[in-house]
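Just so it is clear, none of the values below were taken in a lab; they were calculated from the coordinates. Everything quoted here is computed from the prediction, not taken from an experiment. Neighbour counts run over all protein chains shown; Cβ positions are idealised from the backbone, glycine included.
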Amino acid sequence: MLEAYELGLHKSRPSNATQDIEAQTGRRAWRALYCWNWQLFSILGRPINIKDIDSEPDNPDIKSASPTPTPTLHTELQYQLISSLAKRWQTPKDIDLPSEIQAYKKIVEDHISSLPAVFAMHDPDTSKDDKWPWVVTHRYYVQIMAHVMILQPYKDYLLHPSTDLSLPEIQELRAEAVECSLKTLQLATQWASRVSEGDGQFHLVVLCLFDTAVFIIMLLKKSPDNTFPEKPELVVAVERAATILERLSPISRGAQSSNKVLRNVLRNMGWNT
């Protein structure tokens with residue numbers, strides 16, 4: 001990532017160089033690296049180590065684009081979204097007000113509503129999945145990362161020691177976070193049934209399952225039982241995530257270590273594992 005930055009791949013090229021193959025390749029590489037960097041550091045709750053301040057996103061024109069999605073379209077769409085978010089908040093950890101959480105969420109939801117039909121969150125176009133083999137994996141990637149990105153500021157805010165989860169307005173935020181968490185685990189479960197160890201997205205499946213399950217556990221631990229009607233559904237979702245990580249353990253060290261940690265957390269919580 002740092003080497004790509006030093007090479008200037010993050011900088012937009014003048015219009016007369018747009019047809020230059022080397023420039024196009026560099027920009028595509030930067031989009032992918034920046035997306036991975038921003039997403040990973042956001043999930044881990046760490047400050048972004050490389051900023052994108054010198055570049056402007058080359059936004060794909062979804063309306064006029066070819067009906068055939070390219071293998072790089074999912075990265076272009078993610079870069080478009082992340083660039084929009086990073087202009088206002090360098091990282092979701094910078095968001096510390098409910099109103100800002102809602103503003104952040106709306107940007108992501110507007111992006112979701114504008115996705116091409118093959119990536120649509122509801123009733124996606126799957127008619128050409130056999131013809132375009134990369135679309136299925138990319139669809140899961142786009143959909144699950146949208147939910148993961150929505151969830152990040154909720155996690156930091158709701159788990160902060162100063163946040164009182166007994167307040168009605170905070171419980172509304174918690175209900176939104178619960179809904180997003182359940183959808184994230186649902187998508188990650190579906191994705192886990194299709195990926196393999198050699199898949200470049202495999203680590204994201206493991207990370208999403210583990211990170212979301214741990215967030216739910218911490219939220220349950222912090223919340224008074226009498227204010228958490230979704231608790232039974234969340235317990236089932238967490239146990240299902242642990243089962244999937246256990247199933248993936250023989251082919252992934254990441255899944256193996258994540259499963260071990262998650263099982264230890266569940267035992268400490270007094271859950272049957």
Problem - Point-charge dipole on Cβ atoms (K/R +1, D/E -1) for the stretch 221-260, about Cα centre, debye to 20 - result: 240
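Given the Cα-Cα distance of Leu159 and Lys221 and 0.36 nm per residue of separation, how much length would full extension add, in nm? Provide the component values of the computation, followed by the final result.
Numbers: separation 62, 0.36 × 62 = 22.32 nm, distance 1.00 nm.
In short, 21.3 nm is gained.
Could you calculate the FRET efficiency of Gln186 with Arg253 from 1/(1 + (r/R0)^6), where r is the beta carbon distance between them and R0 is 25 Å, rounded to 0.05? Let's see the in-between values first.
Values: r = 25 Å, r/R0 = 1.01.
With a Förster radius of 25 Å, E is 0.50.
Structure shown: which of Lys106/Lys231; Lys87/Lys183; Lys106/Lys221; Lys87/Lys131 lie over 30 Å apart, alpha-carbon to alpha-carbon?
Details: Lys106/Lys231 26 Å; Lys87/Lys183 27 Å; Lys106/Lys221 28 Å; Lys87/Lys131 37 Å.
In this structure, Lys87/Lys131 lie more than 30 Å apart at Cα.
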Completion exercise
Each label sits 7 Å from Cα toward the beta-carbon; between Thr70 and Ala29 the label points are separated, in nm, by 1.7
Fill in the blank from the handout: Sorted on mean Cβ neighbours within 10 Å (highest first), peptides 232-244, 209-221 come out as 209-221, 232-244
Exercise for the section: Measure off 7 Å from each Cα along the Cα-to-Cβ vector at Ser84 and Glu239, then give the distance between these two points in nanometres to one decimal. Expected result: 4.0
Exercise for the section: Can you figure out the FRET efficiency of Trp271 with Glu172, using R₀ = 25 Å and their beta-carbon distance, to the nearest 0.05? Expected result: 0.40
Practice task
Calculate, axis by axis, the spread of Cα positions in the stretch 76-155 along the three principal axes, and write the results as whole Å, longest axis first.
Solution key: 45, 20, 19
Practice task
With a cut-off of 15 Å, note down the residues of the stretch 122-162 whose backbone N falls inside the zone around a label point 7 Å from the Cα of Ser193 toward its beta carbon.
Solution key: 137, 140
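Compute, for the stretch 125-273, the length of the dipole vector about the Cα centre, with Cβ point charges of +1 (Lys, Arg) and -1 (Asp, Glu) only. Units Debye, rounded to 20. Working shown, then result.
Numbers: 16 positive and 17 negative charges, 109 e Å.
About 520 debye.
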Problem - Test item: Cα-centred dipole of the stretch 81-198, Lys/Arg +1 and Asp/Glu -1 on Cβ, debye - result: 360
